[in-house]
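Report on the structure given below.
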Amino acid sequence: MDHYVQPLDPNTLGVFGGWSGPGLFLNDTWRIAVPPSGGASQWEQLVAKNNLTDNRRADHVMIVTNDANGPTMRAFAGGSYPSDFLYNNFVNFDVNALKWSNGTASGTLPPPMNGHAAAMINGDTQMVVFGGNTDDGTINDVYLYTIANDSWSKPLVSGPAPSPRLWHTAVSFQDQRTLFVFGGFNQGSVYQDMWILNTDTWVWKKWTPGVNAPVPSARAGHIAVGFANKMFVFGGQEEVRLLNDLWEFDLNTNQWKQLNPTGDIPAPRVGAKGAVFSEARMILFGGCLRNLDDCSEFENDLWSFPLS
């Protein structure tokens, strides 16, 4: 659990890191074909030709860039929880060359952290990072990473802001100009709120539901993905109870709606990860089948859900 997944190409999912028990933090890298037609696929471990001393981590985020040699998986920050070790660097894995390298980003770097959330904006040229757990406590800061010049900055944000949190989600919609932050956890509190960050003006705004409008329950460690003008949220953990409900937020109607999928449904879980493929499919992988206080039963199953 607390690994990260991203598409490597239109039909392939990449997975890096996570943890599988107390102190068991991972640095293995895998891929699997997930063609639109479905059918059986086999996992392939991408065995690196070298290793790094600091690439074993969980609760990180990851982007995939297409470089001269093909896709590169770039994992940022992460570590362990509680904070035995935390990172604020990129570790980069060249999928075709099967080689690791350390990132060399400059600028105003975020502090070492885990449990943060990130989303791509401006045509996948920049990554926004919000919140997370640091050595100095949980934060609600915003940082911006620009791929072209490999640099970090800290935008000057304004407006009432979300409280500090971790294990929340951040999603950018089709226009990639707006960040939606939902849920999360801090100091025993599990959140149900949703916040909107305009990345042109860097102004926060709290989303407010209508009277008696349906909303997902408070949760942390859930999955959220964006497709077209909708955000899909699955699972996570309330204060104690694990969830496997599926919700849709429609940007056009500004409303939540609970979905009722048919067929087999993933078991309730926390710490799973998901990604969207261009054929309007959400892919879900892994997670823990016990709550975070007793996370001792892990899954490595793979699920697909049509988004349109």
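Would you look at the GNM of the chain, springs on alpha carbons closer than 10 Å, and say which of Val240, Val270, Val128 moves the most?
Sorting by GNM fluctuation, first place goes to Val240.
Relative contact order for region 1-118: what is it in percent, counting Cα pairs under 8 Å that are at least 6 residues apart?
Relative contact order here is 20 percent.
Compute the Cα gyration tensor for region 206-287, then decide on rounded, prolate or oblate, letting a ≥ b ≥ c be the square roots of its eigenvalues: rounded whenever a/c is under 1.5, prolate when a/b is larger than b/c in the other cases, and oblate in all that remain.
Because a/c hits 1.5 or more and a/b fails to exceed b/c, region 206-287 counts as oblate.
Would you mind pulling out the separation of the Cα centroids of region 200-278 and region 1-73, in Å?
Each part's Cα centre sits 24 Å from the other's.
Would you mind working out the accessible area per residue for region 157-279, using a 1.4 Å probe, and quoting it in Å²?
44 Å²
For region 177-308, what relative contact order do you get, as a whole percent, if you take Cα pairs closer than 8 Å and at least 6 residues apart?
With pairs under 8 Å counted, the relative contact order is 16 percent.
What part of the accessible area of the chain, given as a whole %, is carbon or sulfur when the probe is 1.4 angstrom?
48 percent
Kirkwood Rh, region 147-289, all Cα pairs: how many Å?
For region 147-289, inverting the mean 1/r across all distinct Cα pairs yields 16.1 Å.
Region 154-209: which chymotrypsin sites (Phe, Trp or Tyr not before Pro) are DSSP loop and have at most 16 other beta-carbon atoms within 10 angstrom?
Trp202, Trp207
Tell me, what is the percent relative contact order of the chain, built from C-alpha pairs under 8 Å that lie six or more residues apart?
Dividing the mean separation by the residue count of the chain yields 11 percent.
Please list, in order along region 144-156, the HN-Hα scalar couplings obtained from phi with the Karplus expression 6.51 cos²θ - 1.76 cosθ + 1.60 (θ = phi - 60°), rounded to whole Hz, x for Gly and Pro.
Whole-Hz 3J(HN,Hα) from phi for region 144-156: 10, 10, 9, 5, 4, 10, 6, 9, 9, 9, 10, x, 8.
Run the 1.4 Å probe and let me know the accessible area of Ile32, rounded to the nearest 10 Å².
For Ile32, the solvent-accessible surface is approximately 10 Å².
How large is the dipole of the chain about the Cα centre if only Lys and Arg carry +1 and Asp and Glu carry -1, each at its Cβ, rounded to the nearest 20 debye?
Once rounded to the nearest 20, the dipole reads 340 debye.
Please compute the net charge surrounding Asp67, taking Lys and Arg as +1 and Asp and Glu as -1 over other residues with Cβ under 11 Å from its Cβ.
Once all neighbours under 11 Å are counted, the net charge is 0.
Any idea how far apart Gln192 and Thr65 come out in nm if each label point goes 7 Å out from Cα toward Cβ?
4.1 nm
Report the far tail of the P(r) of region 110-178, meaning the percent of Cα-Cα pairs longer than 14 Å.
59 percent
Grab the beta carbon distance between Leu52 and Val240, set R0 = 51 Å, and tell me the FRET efficiency rounded to 0.05.
For R0 = 51 Å, the calculated efficiency reads 0.85.
For region 4-101, give the magnitude of the charge dipole about the Cα centre (Cβ charges: +1 Lys/Arg, -1 Asp/Glu; no others), in debye to the nearest 20.
80 debye
Once fully extended, how much extra length lies between Asp136 and Ser153, figured as 0.36 nm per residue of separation less the alpha-carbon to alpha-carbon distance?
Going from the current span to full extension adds 4.1 nm.
Counting Lys and Arg as +1 and Asp and Glu as -1, what is the net charge of the other residues whose Cβ lies under 13 Å from the Cβ of Thr29?
Around Thr29, the surrounding residues sum to +3.
So what is log10(I(q)/I(0)) for region 86-223 at q = 0.09, 0.14 1/Å, when the Debye sum runs over its Cα atoms only?
-0.29, -0.68
Send over a whole-number figure in Å² for the accessible area per residue of region 1-45, probe 1.4 Å.
Here the residues of region 1-45 average 46 Å² of exposed surface.
Tell me whether the chain comes out rounded, prolate or oblate; compute the Cα gyration tensor, take square roots of the eigenvalues as a ≥ b ≥ c, and use a/c under 1.5 as the rounded threshold.
rounded
Quote the convex hull volume per residue of region 18-141, based on C-alpha atoms, as a whole number of Å³.
145 Å³
First measure r as the distance between the Cβ atoms of Thr125 and Ala280, then evaluate 1/(1 + (r/R0)^6) with R0 = 22 Å and state the FRET efficiency to the nearest 0.05.
According to the calculation, E is roughly 0.40.
The values are calculated or read from the model by the stated rules, or taken from the named source; none is laboratory data. Keep in mind that what you see is a predicted model, and the values were worked out from it rather than measured. Virtual Cβ from ideal backbone geometry, glycine too; neighbours counted across all protein chains shown. Protein only, heavy atoms only, side chains kept; ligands, DNA and RNA dropped before computing areas. Shrake-Rupley method; radii C 1.70, N 1.55, O 1.52, S 1.80 Å.
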